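Every number in this text was worked out from the coordinates using simple rules, so none of it is lab data. Computed from a predicted structure; not experimentally measured. Cβ placement follows ideal geometry from the backbone for every residue including glycine, while neighbour counts extend to all protein chains displayed.
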Amino acid sequence: MDTSKLAPLRNGLLEFLILDIVSSGDVYVAEILGRLATTDFTTREGTLYPLLSRMRQEGLLDYEWRESTAGPPRKYYRLTRSGREHLAAFREYWATLTNLIDELGR
Amino acid sequence: MEKTIIIGLAGHAERYRLNEDAYGRLARYLDEAGSRLRNDPDRAEILDDLERSIGDRLTALLGADERLLVAADIDSVLEQIGAVEAGRDPAATETVLPRRRRLYRIRGEQKVAGVCAGLAAYSELNVAWVRTLFVLGTVFTAGFGALVYIALAFILPVTATREA
């Protein structure tokens, strides 16, 4: 299958997967990357930092600095209320979408 | 002797020793990242984030070893970090609004101050007609048209040609 057709869809989905990961509680960048590394959405810092920054500008998430046991302090990300609402809306839309695809393909 | 460059990275207290090649690679990566993020309001912060991650990985790479970092070390770390992809470029999503027609004084076509030329361009009338109307208007209104002209000459923005 020609996966290049899926590239724009995948790029758009990444943002929601990040919302999903961050919704599980306070996470730092290495954790986000680790969770994505086991999926089809492997991402690197070069992509992730600008994306997180934009999502923060949009008010979807926020971070706070926290000391870490090893190395320098880290940014821990968490969802804002608007971020949680976005995620909920996305999940709902996604469910509708998969239903639709199943229905139409019947 | 090979030149050693000692650098610090955001968030890291330790110093890293690089040879010239290694330093060149790192500087080029950060320069390129900076220019891709030039429209990002969080540019400085993202560059800091990247430096921090580069530092984390260099520290992990070195372990207790205090050796000089060479180009291959930097390459392997930058490969893990990946090139910066600018988030949504604000310039790219800006919608181009259709140009609104505006009333100007047109310097390039002026007889006096370009007011009539501007009115002609705006109304798509022949400029000779507009001038004639203005002169007749001034005569019939006992000079009031001239006042209007002077006022417009002060109020309207100037443009060099009607296309600008």
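Net charge near A:F90, counting Lys/Arg +1 and Asp/Glu -1 over other residues with Cβ under 10 Å of its Cβ?
Working: positive: A:R91; negative: A:E15, A:D20, A:E85, A:E92.
Once positives and negatives cancel, what remains is -3.
Count charges around A:I21 for me, please; just the other residues with Cβ under 9 Å from its Cβ, Lys/Arg as +1, Asp/Glu as -1. Don't jump to the answer; show the numbers that get you there.
On the way: positive: A:R35; negative: A:D20, A:E31.
Computed value for this residue: -1.
Semi-axes of the equivalent ellipsoid for segment B:3-86, please: Cα gyration tensor eigenvalues, times 5, square-rooted, ordered largest first, whole Å. Intermediate results must be reported in sequence, preceding the final value.
On the way: eigenvalues 97, 34, 25 Å².
In descending order the semi-axes read 22, 13, 11 Å.
What does the structure give for A:39-52 when I average, per residue, the other chain Cβ atoms found within 10 Å of the residue Cβ?
Values: counts 0, 0, 0, 1, 2, 9, 13, 13, 7, 5, 15, 14, 5, 4.
For peptide A:39-52, the averaged partner shielding equals 6.
Please report, in debye to the nearest 20, how large the charge dipole of chain B is about its Cα centre when each Lys and Arg carries +1 at its beta carbon and each Asp and Glu carries -1 there.
Working: 21 positive and 24 negative charges, 369 e Å.
Dipole size: approximately 1780 debye.
When only C-alpha pairs under 8 Å and at least 6 residues apart count, what is the relative contact order of chain A, in percent? Each step should come with its number before you reach the end.
On the way: 82 pairs, mean separation 27.7, N = 106.
With pairs under 8 Å counted, the relative contact order is 26 percent.
Please check: in the Gaussian network model of chain A (C-alpha springs, under 10 Å), which one of A:A30, A:A95, A:A70 has the largest mean-square fluctuation.
A:A70
Any idea how far the Cα center of segment B:99-131 sits from the one of segment A:75-106, in Å?
Taking the Cα centre of segment A:75-106 as reference, the centre of segment B:99-131 is 56 Å away.
Quote the relative contact order of chain B in percent (integer), defining contacts as alpha-carbon pairs under 8 Å separated by 6+ residues.
With pairs under 8 Å counted, the relative contact order is 19 percent.
Nearest 0.05, what FRET efficiency do B:R38 and A:E103 give at R0 = 45 Å with Cβ-Cβ as r? Walk me through the intermediate numbers first.
Numbers: r = 46 Å, r/R0 = 1.02.
Efficiency at R0 = 45 Å is approximately 0.45.
Between the DSSP loop rule and a limit of at most 12 other Cβ atoms within 10 Å, which GluC sites (Glu not before Pro) in segment A:1-102 are left?
Working: sites: A:E15, A:E31, A:E45, A:E58, A:E64, A:E67, A:E85, A:E92; in loops: A:E58, A:E67.
Those satisfying the criteria are A:E67.
Between A:T42, A:T96, A:T69, which gets the highest mean-square fluctuation from a Gaussian network model of chain A, Cα cutoff 10 Å?
Per the Cα network of chain A with a 10 Å cutoff, A:T69 tops the list.
Count the DSSP beta bridges whose two residues both fall in chain B, then state the antiparallel fraction as a percent rounded to the nearest 5.
Working: 5 of 8 bridges.
Taking every DSSP beta bridge within chain B, about 60 percent pair in antiparallel fashion.
What is the spread of the Cα atoms of chain A along each of their three principal axes, largest first, in whole Å?
Projected onto its principal axes, the Cα set of chain A covers 54, 31, 21 Å.
For A:W94 and B:Y122, what does the FRET efficiency come to when R0 = 51 Å and r is the distance between their Cβ atoms, rounded to the nearest 0.05? If you can, show how the numbers build up before the last one.
Details: r = 52 Å, r/R0 = 1.02.
Working from the Cβ atoms, E equals 0.45.
Among B:A60, B:I74, B:A44, whose Cα sits farthest toward the positive end of the charge dipole of the protein assembly as shown (+1 at Cβ of Lys/Arg, -1 at Cβ of Asp/Glu, about the Cα centre)?
B:A44
Springs between alpha-carbon pairs under 10 angstrom, Gaussian network model over chain B: which of B:I150, B:I81, B:I54 fluctuates most?
Sorting by GNM fluctuation, first place goes to B:I150.
Which percent of Cα-Cα pairs in the protein assembly as shown sits in each 5 Å bin, short to long?
Going out from 0 Å in 5 Å bins, the protein assembly as shown shows 1, 5, 9, 11, 11, 9, 7, 6, 5, 5, 6, 6, 6, 5, 4, 2, 1, 0, 0, 0 percent.
With θ taken as phi - 60° and the coefficients 6.51, -1.76 and 1.60, list the Karplus ³J(HN,Hα) couplings across segment A:26-40 in order, rounded to whole Hz; mark glycine and proline as x.
Along segment A:26-40, the couplings run 6, 10, 10, 4, 4, 5, 4, 4, x, 5, 6, 4, 8, 10, 7 Hz.
Using the Kirkwood radius over Cα pairs, work out the Stokes-Einstein diffusion coefficient for chain B at 20 °C and 1.002 mPa s, in µm²/s as a whole number. Provide the component values of the computation, followed by the final result.
Details: Rh = 21.4 Å.
Using the Kirkwood radius from Cα pairs, D works out to 100 µm²/s.
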